[in-house]
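Comments concern the structure below.
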Amino acid sequence: MCASTGIGKGVALALAQVGVEVAIASLNIGSAQAAVDEINSAAGKATAFVVDATRLQDLEWPATEVIQSFGSVG
């Protein structure tokens, strides 16, 4: 999810609090990593990915990376 700021970040934090492993996708790696650090420091599990949603190739590889990082998507 695009969750480095705002509502998306709030949803990611809430999901992490109930045990969901979260993939933070954002064009801005700095804000994505800050969100990951916040989630991980609160005993959650998150990983940051740089994604430009206007580029098709940026939408294809993150799914593979997320599956490799977390084992499944669901």
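Here, each number is a calculation from the coordinates, and none is a lab measurement. Values in this document were obtained by computation on a predicted structure and should not be read as measured data.
From its DSSP helices (H runs of at least four residues, each -39,500 (n - 2.57)), the chain gives a residue-normalised ellipticity at 222 nm of -17000 deg cm²/dmol. The value of relative contact order for the chain, using C-alpha pairs under 8 Å at least six residues apart, is 26 percent. Rounded to the nearest whole angstrom, the semi-axes of the ellipsoid equivalent to the chain, taken from the Cα gyration tensor as √(5λ), stand at 19, 14, 10, largest first.
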